[in-house]
Amino acid sequence: MDKALAELIRISKFVGKDADWTQGGSGNTSVKTAGGKFMFIKASGTALKDMTAKKGWCKINLQAIREIDDKKLNKLPSKKREIEIANRLLAACGDKKNRPSIETNLHAFLGKYVIHLHPIMVCAFLITKKGKAELEKLFADAKSAPLWVSYAKPGYSLAKKIGKLTIRYRKRYGRGPQILFLEKHGLFVSAASTKEALKLVEQVINRCESKINASPLRRRLNREKIIALCAAHDI
């Protein structure tokens, strides 16, 4: 088995075992190969915890993904554009057995190991008006400054926005973002190793949970409402 695939399975099973992190089968993971030519990414329609060596993932040609965005796409109506992108993503797959995540091109902008989740304790901040300010204070001492991404529809629009924000971030800090907070959506972490990616996920979620547990927010926390509000935008 390819080392990158083995690491993807390990990461996926670890983060997928906690329902409070994934909201069922949502979220996705990816690992780029050593040469940087390919990327293994969770396939659509599969729960993270259910990924195995034989199912639940796609092998993607990264160059093909980076070439998806062009001027013709921008001129297409929204529905036709999404269909065209889905077809191009499928064409970039090696085996065509599984449909790649709609957020595949977004993963291409980030580091070697990428984890995207919808943890309740993080989403509690992402759906509130003061969430951005609260997270900025909460992670003011973070080794890598978190990147806040204002709401964009998942898929092409979100990938375009994160692509632009990532370029600006690199110019400012000399490196890509490791923690991304997506308004009304979820959490992304990007790292250079499996260990670092999993550590980042746990640190972010635990810090958010500790803040909520130590504040009046705990008494007002409505898990069902948080899940519903995020799900309404994650389409």
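Could you pull out every one of the helices (runs of 4 or more DSSP H) wholly within the range 144-228 that has 2 or more residues that are hydrophobic (A, V, I, L, M, F, W, C), modelled with pLDDT of 90 or more and surrounded by 15 or more Cβ atoms within 10 Å (Cβ to Cβ)? Step through it out loud before you land on a result.
Numbers: elements: 156-173, 194-213, 217-220.
Of the helices (runs of 4 or more DSSP H) lying wholly inside the range 144-228, those with at least 2 residues that are hydrophobic (A, V, I, L, M, F, W, C), modelled with pLDDT of 90 or more and surrounded by 15 or more Cβ atoms within 10 Å (Cβ to Cβ) span 156-173, 194-213.
Name every residue in the range 163-188 that is charged (D, E, K, R) and at positive phi, in order of residue number.
LYS184
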Show the residue pairs meeting these rules: Cβ distance below 7 Å; 6+ apart or different chains; first residue within the range 90-117 and within 10 Å of ALA43 (Cβ to Cβ); second residue at pLDDT 85 or above and among the polar types (S, T, N, Q).
ARG99/SER44; PRO100/SER44; SER101/ASN28; SER101/SER44
Counting just the residues of the range 111-143 that are in contact with a helix residue (DSSP H, G or I) (Cβ under 7 Å, 6 or more places away or on another chain) and within 23 Å of LYS32 (Cα to Cα), which one comes out surrounded by the most Cβ atoms within 10 Å (Cβ to Cβ)?
ILE115
Within the range 104-146, of all residues that are basic (Lys, Arg) and out of contact with any strand residue (DSSP E or B) (no Cβ under 8 Å at 6 or more places or on another chain), the one nearest to LYS211 (Cα to Cα) is LYS137
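Out of LEU89, LEU48, I need the residue that is at pLDDT 85 or above, touching a Gly at 6+ places or on another chain (Cβ under 6 Å) and closer than 26 Å to ALA191 by Cα. Which one?
Numbers: LEU89 fails: touching a Gly at 6+ places or on another chain (Cβ under 6 Å).
Only one candidate passes the filter, namely LEU48.
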If I ask for residues that are basic (Lys, Arg) and either crowded, with 18+ Cβ neighbours inside 10 Å or part of a helix (DSSP H, G or I) (or both), which ones from the range 1-52 would you list?
LYS3, ARG10, LYS13, LYS32, LYS42, LYS49
When every residue in the range 87-107 that is of a type in the set (A, V, I, L, M) and part of a loop (DSSP other than H, G, I, E, B) is compared, the one farthest from THR29 (Cα to Cα) is ALA92
Return the residues of the range 132-143 that are in a helix (DSSP H, G or I) and closer than 16 Å to PHE188 by Cα; say none if nothing qualifies.
LYS132, LEU135, GLU136
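The values are calculated or read from the model by the stated rules, or taken from the named source; none is laboratory data. Keep in mind the model is a prediction, meaning the values are calculated, not measured. Cβ: placed from backbone, ideal geometry, glycine included. Neighbour counts: every protein chain shown.
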